[in-house]
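The structure appears right after this line, and notes come after that.
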Amino acid sequence: MYVIFFGPPGVGKGTQAAIVAERTGWAHISTGDMLRAHVRDGTDLGHKAKAFMNKGLLVPDDLVIDMFMARLAEIGDRGFVLDGFPRTLAQARALDAALARGGGAIDLAINITAPDSVLVERMMGRAAESGRADDTPEAIRVRIEVQKPSAELLDHYRRAGKLKDVDGRPAVPQVTEAIMAALGVAGVSPQSPR
Ligand code: AMP
């Protein structure tokens, strides 16, 4: 299956995407992880992306789309879980077009949700653990507002009948089960084909 995970910061999107990829054998593509690796490795793309990332802004579409398409071409005939891509309508359209060229399409977009108050509380907890004292509730609220998936992006998949909401408030294993149920793949064996 070709699946997208949407959700605001702090909702557990990256955690769930990694678990679902592990359980299904599908590729886990996190554009945030890929960009951080480019920054760490000091690549040309890393230098360009860094300024945007440090300000909490989105990296321009052309840079992210090129990077993503190269990764997509590598995964071959496997399913995938997308984590952090698409972030804009332009990215969603580029993704649709690329999949259509291979006769495919996104099967499902999982939108993991939680009230802002829960997200702020979780992110304050994380900030305290990692010693990031500059993470005030106000700064966190701004980050949530800027980084949450846009209504037009969610609508793109809702209109196609492909968006399912999953409550991100319960403990990690319960959220995983709700996602697996939404995917209709409970008990799928690792490495199973699409
Ligand atoms: P994430 O780990 O998904 O929160 O991504 C970390 C940062 O990388 C974001 O705040 C953006 O600056 C950048 N980024 C990740 N994915 C994308 C994307 N699809 N489009 C634009 N910027 C992105």
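The values are calculated or read from the model by the stated rules, or taken from the named source; none is laboratory data. Because the structure is a prediction, the values reported are computed rather than measured. Please note: Cβ atoms are built from the backbone with ideal geometry, for glycine as well, and neighbour counts cover all protein chains shown. Remember, those area values only see protein heavy atoms, side chains included, never the ligands or the DNA or RNA. Shrake-Rupley method; radii C 1.70, N 1.55, O 1.52, S 1.80 Å.
The number of residues in segment 122-154 that are at pLDDT below 85 and not in a helix (DSSP H, G or I) comes to 6.
Yes or no: residue 27 small (Gly, Ala, Ser) and in contact with a strand residue (DSSP E or B) (Cβ under 8 Å, 6 or more places away or on another chain)? Here the answer is yes, as residue 27 does meet what is asked. Could you say whether any residue in segment 86-100 is in a loop (DSSP other than H, G, I, E, B) and either open to solvent by less than 20 Å² (accessible area, probe 1.4 Å) or in contact with a Ser or Thr (Cβ under 7 Å, 6 or more places away or on another chain) (or both)? The answer is yes; a qualifying residue exists. Among the residues of segment 122-141, those identified as within 20 Å of residue 16 (Cα to Cα) and open to solvent by 70 Å² or more (accessible area, probe 1.4 Å) are 122, 126. In segment 155-181, the residues that are under 21 Å from residue 93 (Cβ atoms) reach residues that are of a type in the set (Lys, Arg) and in a helix (DSSP H, G or I) with C-beta atoms within less than 9 angstrom, at least six apart or across chains, in these pairs: 156/93.
Residue count for segment 101-121 under the criterion of being in a helix (DSSP H, G or I) and surrounded by 17 or more Cβ atoms within 10 Å (Cβ to Cβ): the result is 2. If you go through segment 155-177 and keep only what is part of a helix (DSSP H, G or I), under 19 Å from residue 119 (Cα atoms) and touching a strand residue (DSSP E or B) at 6+ places or on another chain (Cβ under 7 Å), you end up with just 175.
Filtered by the rule that a residue be assigned to a loop (DSSP other than H, G, I, E, B), more than 13 Å from the ligand (Cβ to nearest atom) and in contact (Cβ under 8 Å) with a residue 40 or more places away in the chain, segment 64-85 gives 75, 77, 78, 79. Scanning segment 26-57 for residues that are within 21 Å of residue 80 (Cβ to Cβ), open to solvent by 50 Å² or more (accessible area, probe 1.4 Å) and near the ligand (Cβ under 8 Å from one of its atoms) gives 33, 36.
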